[in-house]
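Comments concern the structure below.
What follows draws every value from the coordinates through simple rules; no lab data is involved. This is a predicted model, so every value here is computed, not measured. Here Cβ is always computed from backbone atoms with ideal geometry, including for glycine, and neighbour counts include all displayed protein chains.
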Amino acid sequence: MTAEIQPEMEKQFTQQLRSLGRHGSRQRSVVLRAFLRQEQPVTAQELLYPVKQEDISVSFGTVYHTLRLLVACGPAREIVSPKNPTQYERATAQCNHPRLVCKDCGASVGNRAEVEQ
């Protein structure tokens, strides 16, 4: 995610939160910025470390709830697996595709090249 796009995404997220009757906060902005820097799907637990590097006061609960809000507002998409924790990825035109989830191990893949490996 380029540095120019990020402030616009933060502004849109704050506006969408208001439309849901919620408020933006410094901690939610930290979670959003850390999320946008991720190149692969992440769990809330995996996102906690980069969030804490920017702001030690952000709790796991804040990361989890902010990810849920990102899904509700549109910048994120959930990848639910029956055997693994829920993962989150950026919702872009390129990710508007189904993900395959292995019934045995719970691993998820997003494209044919990954399946063939």
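Taking the highest mean first, how do the peptides 51-57, 31-37 order by number of other beta carbon atoms within 10 angstrom per residue? Mind showing how you got there, number by number?
Working: 51-57: 13.7, 31-37: 20.6.
So the peptides 51-57, 31-37, ranked by packing, come out 31-37, 51-57.
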- Per the 1/(1 + (r/R0)^6) rule, R0 = 25 Å and r from the Cβ atoms of E39 and S19, FRET efficiency to 0.05 is 0.30
- Quick one: length gained pulling F60 to Q12 fully straight, 0.36 nm per residue minus the C-alpha distance? 14.9 nm
- Item | Taking N as its residue count, the alpha carbon Rg of segment 5-91 over 2.2 N^0.38 Å | 1.00
